[in-house]
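I have placed the structure first, in the form of structure tokens, so that the comments after it can refer back to it.
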Amino acid sequence: MTTGRMTADWTTGAEAITFQTCPQCRAVWYFRRAFCPGCGHTEPRVEPASGRGTVAACTVVTRAPSAELRPYAPYGIVLVDAAEGFRLMAQGDLDLAIGDAVTARFVRFGARLIPYFERET
């Protein structure tokens, strides 16, 4: 656990997913903010996520949004309800279904390192 706004995670090139919590109202959220979206507290905590969760929705992208990403199509996009209580969007196996238990690993996608979910075994 860390207080402050910057901690290494996949958005900075590290193989990690982080989320924020509020020490005042106990809210949990994924997108970084300088304050709690629930109560406005200005010192949220940054926590490491386990990378485990459950698929809430999934789709397949067959038409990549750019020439750089065209070689990756088709690819799966999933909404995952993380074990820690937040929801995130990421890539995942094409055969994932709603309700599947999943675990994240990290893969290169174009020039970036991103979370990628696969069915938990």
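Key figures for this structure:
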item	result
Strands (runs of 3 or more DSSP E) enclosed by segment 14-94 - at least 2 residues per element that are open to solvent by less than 30 Å² (accessible area, probe 1.4 Å) and more than 21 Å from Phe109 (Cβ to Cβ)	18-21
Residue pairs meeting the criteria (Cβ under 9 Å; at least 6 apart or on separate chains; first farther than 16 Å from Glu120 by Cβ, in segment 58-84; second surrounded by 14 or more Cβ atoms within 10 Å (Cβ to Cβ) and acidic (Asp, Glu))	none
Given (1) open to solvent by 50 Å² or more (accessible area, probe 1.4 Å); (2) more than 11 Å from the chain's Cα centre (by Cα), number of the condition Leu113 does not satisfy	(1)
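Conditions tested, residue by residue: (1) in contact with a Pro (Cβ under 8 Å, 6 or more places away or on another chain); (2) at negative phi; (3) in contact (Cβ under 8 Å) with a residue 24 or more places away in the chain.
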site: Cys25; (1), (2), (3): no, yes, no
site: Trp29; (1), (2), (3): yes, yes, yes
site: Glu43; (1), (2), (3): yes, yes, yes
site: Pro48; (1), (2), (3): no, yes, yes
site: Thr54; (1), (2), (3): no, yes, yes
site: Gly92; (1), (2), (3): no, yes, yes
site: Leu96; (1), (2), (3): no, yes, yes
site: Gly99; (1), (2), (3): no, no, yes
site: Tyr116; (1), (2), (3): no, yes, yes
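The values are calculated or read from the model by the stated rules, or taken from the named source; none is laboratory data. Keep in mind it's a predicted model, so treat the numbers as computed, not measured. Here Cβ is always computed from backbone atoms with ideal geometry, including for glycine, and neighbour counts include all displayed protein chains. What goes into the accessible areas is simple: the full protein's heavy atoms, side chains included, and nothing from ligands, DNA or RNA. Shrake-Rupley method; radii C 1.70, N 1.55, O 1.52, S 1.80 Å.
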